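Beneath this line is the structure, given in structure tokens, with notes to follow.
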Amino acid sequence: MQIIRLECKTESDLVPAARILIDTYPNARVFAFYGSMGAGKTTFIKAICSSLGVTDIVQSPTFSIVNEYKTESGESIFHFDFYRIRKTEEVFDIGYEDYLFSGSYCFLEWPELIESLLPGNTVRVSISGETERLIEF
């Protein structure tokens, strides 16, 4: 599959970008988001969750490592932030396999810290830029 590049000049551009991502990978459930601190990973994940019908407040799970959100239809979506992970054992302790292989959407921030544990079918999303965002997947 070819690389898709989307330029998002404003936050409102993230909503159609989110829909394009989900529609491009209709069977994918694990998405890894790469980008520097402040690149907009959480903001883009908020847009994706909104397009999937999440009714909860979406925020970075920096301290809890994982947040669970519910959609309007009651489905679970899991949002991870691995920034504070220091050892692989910590990921095993939270039962990451139960989440990543659940069939539910899983959105991972800072996946480079657990790269060796990612499923082979993980969709990799790169976000770069300071004011205008370039999203590639």
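Worth pointing out:
- Within the range 1-87, chymotrypsin sites (Phe, Trp or Tyr not before Pro) in DSSP loop having at most 15 other beta-carbon neighbours inside 10 Å: Phe63, Tyr83
- For the range 14-136, Kirkwood radius (reciprocal of mean inverse C-alpha pair distance, Å): 14.5
- Those residues of the range 38-55 whose amide nitrogen sits under 17 Å from the label point placed on Val15, 7 Å along Cα→Cβ: 43-55
- For the range 47-95, the list of GluC sites (Glu not before Pro) that fall in a loop by DSSP and count at most 16 other C-beta atoms within 10 angstrom reads Glu72, Glu75.
- Placed amide H near Cys106: partners under 5 Å, 5+ positions off or other chain: Val30, Phe31, Phe78
- Lysine pairs meeting the criterion (Cα under 25 Å, 8 or more apart or interchain), as found in the chain: 5
- Computed from Cα positions, the angle between helix 41-51 and the longest principal axis of the chain comes to roughly 80 degrees.
- At R0 = 25 Å, FRET efficiency that the Cβ-Cβ distance of Ser126 and Thr71 yields, to 0.05: 0.45
Any read-out appearing in this document is the output of simple, stated calculations on the displayed coordinates, not a laboratory observation. Worth saying up front: this structure is predicted, and the values here are computed from it rather than measured. A quick note on method: Cβ atoms are made from the backbone with ideal geometry, for glycine too, and the neighbour counts reach across all protein chains shown.
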